[in-house]
1. Taking the conditions exactly as written (under 26 Å from Ile201 (Cα atoms), in a strand (DSSP E or B) and modelled with pLDDT of 95 or more), does Glu149 satisfy them or not?
2. Under the condition of being away from ligand 3 (no atom under 15 Å from the Cβ), modelled with pLDDT under 75 and not charged (D, E, K, R), which residue from the range 152-201 is nearest to the chain's Cα centre (by Cα)?
3. Checking the condition assigned to a helix (DSSP H, G or I) and either without any contact (Cβ under 8 Å) to a residue 12 or more places away in the chain or of a type in the set (Phe, Trp, Tyr) (or both), which residue from Glu242, Glu137 passes?
4. Please give the number of the condition Thr54 fails out of (1) in contact (Cβ under 8 Å) with a residue 60 or more places away in the chain; (2) within 16 Å of ligand 3 (Cβ to nearest atom).
5. Just to be sure before I move on: is Ile174 within 16 Å of ligand 2 (Cβ to nearest atom) and surrounded by 17 or more Cβ atoms within 10 Å (Cβ to Cβ) in the structure I sent?
6. Enumerate the pairs (first residue in the range 187-213 and farther than 18 Å from Leu247 by Cα; second residue anywhere and within 16 Å of ligand 1 (Cβ to nearest atom) and of a type outside the set (Gly, Ala, Ser)) with beta-carbon separation below 6 Å, excluding pairs fewer than 6 apart on the same chain, so at least 6 apart or on different chains.
7. Can you tell me which residue in the range 247-275 is surrounded by the fewest Cβ atoms within 10 Å (Cβ to Cβ), limited to those that are part of a strand (DSSP E or B) and not aliphatic (A, V, I, L, M)?
8. Just checking, how many residues over the range 224-260 are under 18 Å from Ser115 (Cα atoms) and within 16 Å of ligand 1 (Cβ to nearest atom)?
Amino acid sequence: AKSNHLGEYVFYNQKMQDSFNERMVIESHLRDAITNQEFSLQYQPQVNLHNGETYGFEALIRWNNPELGFVSPLTFIKVAEDCQLIIPIGEWALRTACVFIKNIHDQGYEGYRVSVNISVVQLMQDAFTSMVLTVLEETGLSPEYLELEITESIIMESLERNISKLQLLREKGIAIALDDFGTGYSSLSYLRQLPITTLKIDKSFIDSFLGRNGDISITSSIISVGHDMGLEVVAEGVELEEQLSLLKELKCDKVQGYFISKPIPSNEVVNWIESQVM
Ligand code: C2E
Ligand code: CA
Ligand code: CA
Ligand code: CA
């Protein structure tokens with residue numbers, strides 16, 4: 001086993017070197033990606049379980065680079081955070097999503113909301129709140145149609161510094177969702193201090209409904225705690241009818257997932273809306 005050890009060590013280092021190189025390559029291509037118009041947004045419908053209606057869309061970024069092809073946000077967002085490029089990229093995504101949903105309203109489809117993912121690196125910026133308010137002003141979108149999605153773990157890392165920023169945005173009428181809820185370590189007392197409107201239950205809990213040892217207990221308690229606190233509860237990653245009907249029974253408010261629709265390109269959103277209201 002000892003003689004193996006060195007070999008494994010070298011192998012491990014090689015892997016570290018490879019992933020370091022990969023990150024450098026991604027970072028160098030990310031630098032010009034906004035200017036070269038390599039980003040786009042897709043929109044995933046969000047449905048109200050109480051009446052079955054689509055009420056909004058989550059904006060999800062896509063990156064198509066001429067050399068790298070499509071790179072998953074799961075890969076490049078982390079790199080963009082480490083080199084701060086997430087700040088202009090995140091602002092681009094917010095602005096593009098606000099322009100898009102405003103345009104949907106202007107075409108006569110009023111009332112739809114857009115949810116935009118926000119990185120903690122953005123939230124940490126002193127200028128974050130003014131950036132968001134400026135984007136709303138410049139795009140003419142009323143704050144009630146914007147929701148910011150912030151992951152649970154990142155909020156907890158920097159609660160004091162960021163809570164007042166979220167508070168201010170909340171007071172302006174912007175909705176705030178705690179994304180990937182249940183995967184972090186927030187205690188319920190923490191939750192009470194947060195100026196949030198929505199809990200978004202992580203897909204891993206929705207997945208755990210299924211299989212031989214199917215478990216709905218965590219989801220069920222998240223929903224009741226959320227409701228006790230006056231929050232709306234959204235389930236993400238709903239892929240099967242069985243999951244949807246369990247969520248209905250548990251009185252979950254809203255759902256998102258492949259069972260309803262995958263994220264769709266912007267030019268298909270009006271079609272989606274039309275197909276739902278027939
Ligand atoms: P997320 O915010 O948790 O978004 C949900 C992810 O699950 C999306 O992946 C979505 O396409 C996918 N998804 C939705 N429904 C289902 C389903 O039923 N089954 C399965 N298997 N997957 C489903 P995507 O678009 O690849 O995004 C991955 C992550 O990248 C997002 O996770 C979010 O954390 C991040 N991200 C995406 N766009 C942005 C952005 O504009 N800004 C920031 N900061 N992060 C973003
Ligand atoms: Ca999200
Ligand atoms: Ca999520
Ligand atoms: Ca996630």
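The values are calculated or read from the model by the stated rules, or taken from the named source; none is laboratory data. Nothing here was measured: the structure is a model prediction, and the numbers come from that model. Cβ coordinates were reconstructed from backbone atoms using ideal geometry, including for glycine residues, and neighbour counts include every protein chain displayed.
1. Here the answer is yes, as Glu149 does meet what is asked.
2. If we take residues in the range 152-201 being away from ligand 3 (no atom under 15 Å from the Cβ), modelled with pLDDT under 75 and not charged (D, E, K, R), then Met156 is nearest to the chain's Cα centre (by Cα).
3. Numbers: Glu242 fails: either without any contact (Cβ under 8 Å) to a residue 12 or more places away in the chain or of a type in the set (Phe, Trp, Tyr) (or both).
Testing whether each residue is assigned to a helix (DSSP H, G or I) and either without any contact (Cβ under 8 Å) to a residue 12 or more places away in the chain or of a type in the set (Phe, Trp, Tyr) (or both) leaves just Glu137.
4. Unmet for Thr54, out of (1) in contact (Cβ under 8 Å) with a residue 60 or more places away in the chain; (2) within 16 Å of ligand 3 (Cβ to nearest atom): (2).
5. Here the answer is yes, as Ile174 does meet what is asked.
6. Pro195/Leu166; Ile196/Ile176; Ile196/Leu178; Thr197/Ile176
7. Taking the candidates together, the pick is Pro265.
8. Narrowing the range 224-260 to residues under 18 Å from Ser115 (Cα atoms): 231-238, 253-258, 260.
Narrowing further to those that are within 16 Å of ligand 1 (Cβ to nearest atom): 233-238, 254-258, 260.
Qualifying residue count for the region: 12.
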